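Report on the structure given below.
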Amino acid sequence: MLTFDKKLLPTVVTAIGPKGGISKTTTISNLAGLLADLGKKVLVIDTDKQQSLSRQFLDIANEPYLPDGTSSERTEAPGNTTGLGEILYRGGIVHKEDIRPSIRGGIDVIVSNIGDEHIHWLKERMDAFSMFIRIISSDLIVGHYDYVLIDTQGSVNVIGKNAGVASDVILSPLPPNQLDVGTFIADAPRIWDEIDRTCEMINRKPPRVCVVYSKANFRLVNDQVMRQVIEPFIQASPRMELLNTVIPPSTIYTQATAMRVPVHLVDGSTKTGSPYDVMHQLMFELFPDLQDQWTGEPVANGTGVGDAA
């Protein structure tokens with residue numbers, strides 16, 4: 001059995017939700033940028049066939065697994081260029097060439113190059129639960145990264161669930177609208193239960209399940225109503241923790257994604273509710289050991305931050 005100094009093990013966070021369009025990729029990419037600007041070493045793992053997280057951090061023009069903007073189809077990789085698909089087929093064994101340096105310092109990437117064939121193959125594997133445990137236990141990761149952040153597909157599949165099993169924290173963004181709240185109530189408890197049962201089977205501590213409001217504007221009546229629906233449901237569950245942070249529906253988050261820049265660098269105003277403030281507060285709740293660690297120095301007029309520390 002592999003044993004590691006717990007001080008060297010990375011903290012693993014997986015973004016999971018019962019449907020797509022809830023800001024999983026946006027939140028994970030912004031967290032990665034924030035942690036890197038604090039001087040932390042971050043590995044992001046993309047498990048989504050849409051490759052949204054991969055595109056945030058890699059040079060698309062020189063990345064054979066990513067579409068070039070003219071096609072949405074995955075392309076085959078030449079030579080020894082590899083990604084998550086090959087790692088899964090090896091049983092979770094990571095090779096050096098699987099890990100790409102990103103366009104942002106401090107962040108490396110395992111690119112998503114999976115297709116339906118990988119998902120079908122994994123469903124037939126008795127050891128499917130162990131794939132991501134092996135990945136994060138790799139000697140190329142342990143001692144080299146402080147955080148591993150995993151993005152999952154819109155609707156949770158076998159890959160997402162097993163990434164959850166390997167995690168310390170599951171982050172589940174939740175927009176307070178009728179469709180997303182209804183789907184969450186119907187499907188989320190089943191997802192957490194499947195992850196928990198697998199953890200129990202292998203004697204592994206189950207992850208924290210943190211729910212964060214995303215795209216939320218509680219000045220709107222509809223959002224207020226949905227809040228009244230979902231909060232008693234979450235509070236009644238011993239497995240879910242509703243975070244205090246609220247990610248607003250600001251266009252600045254969309255703009256930052258399009259620019260491939262962490263949102264705290266696009267709008268560095270330190271006022272309460274600004275992207276800079278929101279992302280730091282989310283980080284503090286997810287990682288209490290980072291409490292009150294702020295990136296950069298606010299500029300005099302409060303409209304940006306200085307060079308990252």
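The numbers here are math on the coordinates, done by the rules we state, and not lab data. Source: prediction; values computed, not measured. Cβ coordinates were reconstructed from backbone atoms using ideal geometry, including for glycine residues, and neighbour counts include every protein chain displayed.
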Inset, instruction - Quote the charge dipole size of the chain about the Cα centre in Debye, to the nearest 20; the model charges only the Cβ of Lys and Arg (+1) and of Asp and Glu (-1). - result: 420
Inset, instruction - At 7 Å along the Cα-to-beta-carbon direction for both ARG219 and LEU179, put a label point, then send me their distance in nm to one decimal. - result: 2.5
Legend entry - Loop trypsin sites (Lys or Arg not before Pro), region 229-294 (other Cβ atoms within 10 Å of the site Cβ: 11 or fewer; DSSP): LYS271
Inset, instruction - At 7 Å along the Cα-to-beta-carbon direction for both LYS205 and ASN244, put a label point, then send me their distance in nm to one decimal. - result: 2.3
Legend entry - Eligible lysines near LYS49 by straight Cα distance, threshold 21 Å, same-chain separation 8 or greater: LYS19, LYS24, LYS123, LYS161
Legend entry - Order of TRP294, TRP121 - criterion: other Cβ atoms within 10 Å of each residue's Cβ, fewest first: TRP121, TRP294
Inset, instruction - Please report HIS144, HIS120, HIS264 as a ranked list, fewest other C-beta atoms within 10 angstrom at the top and most at the bottom. - result: HIS120, HIS144, HIS264
Inset, instruction - Could you calculate the contour length gain from ASN62 to ASP193, that is, 0.36 nm times the residue separation minus the distance between their Cα atoms, to one decimal place in nm? - result: 43.1 nm
Inset, instruction - Towards the positive end of the charge dipole of the chain, with charges on Cβ (+1 Lys, Arg; -1 Asp, Glu), say which of ILE99, LEU149, ASN222 has the farthest Cα. - result: ASN222
Inset, instruction - Give the cross-link partners of LYS96 among the aspartates and glutamates, using a straight C-alpha distance below 15 Å as the criterion and excluding same-chain residues fewer than 8 apart. - result: GLU86, ASP108, ASP139
Inset, instruction - Would you list, by chain and number, the lysines whose Cα falls below 21 Å from the Cα of LYS271, excluding same-chain residues fewer than 8 positions away? - result: LYS215
Inset, instruction - Please sort through the DSSP H helices of the chain and keep those with an alpha-carbon extent of at least 15 Å along the long axis and a Kyte-Doolittle average not below -0.5. - result: 24-37, 178-201, 221-235, 275-286
Inset, instruction - Would you compute, from DSSP H runs of 4+ residues alone, the mean residue ellipticity of the chain at 222 nm, taking -39500 (n - 2.57) per run and dividing by the full residue count, rounded to the nearest 500? - result: -10500 deg cm²/dmol
Legend entry - Per-residue Cβ neighbour rank within 10 angstrom, fewest leading, ASP46, ASP59: ASP59, ASP46
Legend entry - For LEU242, residues with placed amide H under 5 Å, excluding near neighbours: VAL211
Legend entry - Label-point separation, GLN228 to GLU117 (7 Å along Cα→Cβ), nm: 5.3
Inset, instruction - Any chance you could check the Cα centroid distance between region 14-52 and region 148-226 for me, in angstrom? - result: 14
Inset, instruction - Could you tell me which of GLN51, VAL165, ILE234 has its Cα farthest along the dipole of region 11-290 towards the positive end, charges placed at Cβ (Lys, Arg +1; Asp, Glu -1), taken about the Cα centre? - result: ILE234
Legend entry - Exposed GluC sites (Glu not before Pro) absent - longest run of the chain, DSSP non-H/G/I/E/B, at most 15 other C-beta within 10 Å: 125-309
